[in-house]
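Beneath this line is the structure, given in structure tokens, with notes to follow.
The values are calculated or read from the model by the stated rules, or taken from the named source; none is laboratory data. Quick caveat: nothing in here was measured; it's all calculated off a predicted structure. Here the Cβ positions follow ideal geometry from the backbone for every residue, glycine too, while neighbour counts run over all protein chains shown.
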Amino acid sequence: MEAAISLNNLSKHFEDKKRGLVKAVDELTFNCRPGSIFGLLGLNGAGKTTTLRILATMLTPTSGTAIVGGYNVQTEPDKVKSKIGFLTGNTGLYLRLTPREIITYFGRLSGMDTSAVKSRGNQLIEALDMGEFADRRIDKLSTGQKQKTSIARTMIHNPPILILDEPTAGLDVLTSRAIIKLVRSAKDDGKCVIFSTHIMHEAAAICDDIAVIHRGRLRAIGTLETFRKKYQLEDLDDIFVAIIKNGGAA
């Protein structure tokens, strides 16, 4: 099966006045398959968000290549954007609009007609249990309600690839469960989902493949079962710590 996302020696370096050359992403190579959830795990500052921003064409890599949906992120960014839904914690919402208005706005930006936007929007509002607040202004909503709105905005155009950066961070259990259920549904629909998180039990529950990055480098990649056999540990938290301390797979 052809990869939906393919990285080959992808790197992003920055110059910092105090630290000098910072290798935020350092020669990452991995593939993500359609119809699967690919977990990207790492400590804060490991390079997860930088990697995802490159895949979403928001940053230009220093070297290496990234192919997303069959297109090169550097030479074909507009085509890449047409294939993805990107969720990041730094993307704000229009405070004076309602969730329904935001969903509609981004659907139309993606080229959907009015009927398709309404149908797909209602589907997402129901799936995320947003009916109670769908017509309330964003500045009146809770953190969880805003995150549900962001998820719906990310998925309104029904893209084949979802790039989700910490989608459940700081959320209550019920909100997290609703988002995880929708992510699983996206996988069942054949979508490729790259799921960045530091919540290990969520990764263990939903990810088909897991990559651990540390200080910009890939330290280990495989299934949870592969990791359990290799490290003789059951819990992903313990496996993650072992990978970080041991410098990755031998």
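The residue list Ile210, Ile180, Ile138 contains one member that is surrounded by 14 or more Cβ atoms within 10 Å (Cβ to Cβ), under 17 Å from the mean Cα position of the chain (by Cα) and under 28 Å from Leu97 (Cα atoms), which is Ile180. Has segment 133-144 got any residue that is within 19 Å of Asp165 (Cβ to Cβ), at pLDDT 95 or above and assigned to a helix (DSSP H, G or I)? No, that holds for no residue.
Filtering segment 155-173 to residues that are under 21 Å from Ile199 (Cα atoms), in contact (Cβ under 8 Å) with a residue 24 or more places away in the chain and of a type outside the set (Asp, Glu) leaves Leu162, Ile163, Leu164, Pro167, Thr168, Ala169, Gly170, Leu171.
Please verify whether segment 147-167 includes one or more residues that are in contact with a His (Cβ under 9 Å, 6 or more places away or on another chain), surrounded by 14 or more Cβ atoms within 10 Å (Cβ to Cβ) and part of a loop (DSSP other than H, G, I, E, B). Within segment 147-167, one or more residues are in contact with a His (Cβ under 9 Å, 6 or more places away or on another chain), surrounded by 14 or more Cβ atoms within 10 Å (Cβ to Cβ) and part of a loop (DSSP other than H, G, I, E, B). Residue count for segment 60-78 under the criterion of being in contact (Cβ under 8 Å) with a residue 40 or more places away in the chain, assigned to a loop (DSSP other than H, G, I, E, B) and buried (at least 18 other Cβ atoms within 10 Å of the Cβ): the result is 2.
When segment 16-68 is filtered for residues that are among the β-branched types (Val, Ile, Thr), within 20 Å of Glu202 (Cα to Cα) and at pLDDT below 95, only Thr49 remains.
Pro34 meets the conditions (1) farther than 19 Å from Gly190 by Cα; (2) in contact (Cβ under 8 Å) with a residue 60 or more places away in the chain; (3) outside any strand (DSSP E or B) in every case but one. The failed one is (1). Checking the structure you have, find out if any residue of segment 222-232 is crowded, with 17+ Cβ neighbours inside 10 Å and in a strand (DSSP E or B). Scanning segment 222-232, I find no residue that is crowded, with 17+ Cβ neighbours inside 10 Å and in a strand (DSSP E or B), so the answer is no. Kindly establish whether Lys81 is of a type in the set (Lys, Arg), buried (at least 20 other Cβ atoms within 10 Å of the Cβ) and outside any loop (DSSP other than H, G, I, E, B). No, not satisfied. Among the residues of segment 149-156, some residue qualifies, meaning at least one is over 14 Å from the mean Cα position of the chain (by Cα) and more than 16 Å from Leu97 (Cα to Cα). Restricting to segment 6-37, give me the number of residues that are closer than 22 Å to Leu236 by Cβ and either among the basic types (Lys, Arg) or buried (at least 22 other Cβ atoms within 10 Å of the Cβ) (or both). Number of matching residues: 4.
Residues are listed down the side, and each one gets a yes or a no for (1) touching a residue at least 60 places away in the same chain (Cβ under 8 Å); (2) buried (at least 21 other Cβ atoms within 10 Å of the Cβ); (3) closer than 24 Å to Asn9 by Cα; (4) within 22 Å of the chain's Cα centre (by Cα):
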site	(1), (2), (3), (4)
Phe106	no, no, no, yes
Gly111	no, no, no, no
Ala116	no, no, no, no
Ala134	no, yes, no, no
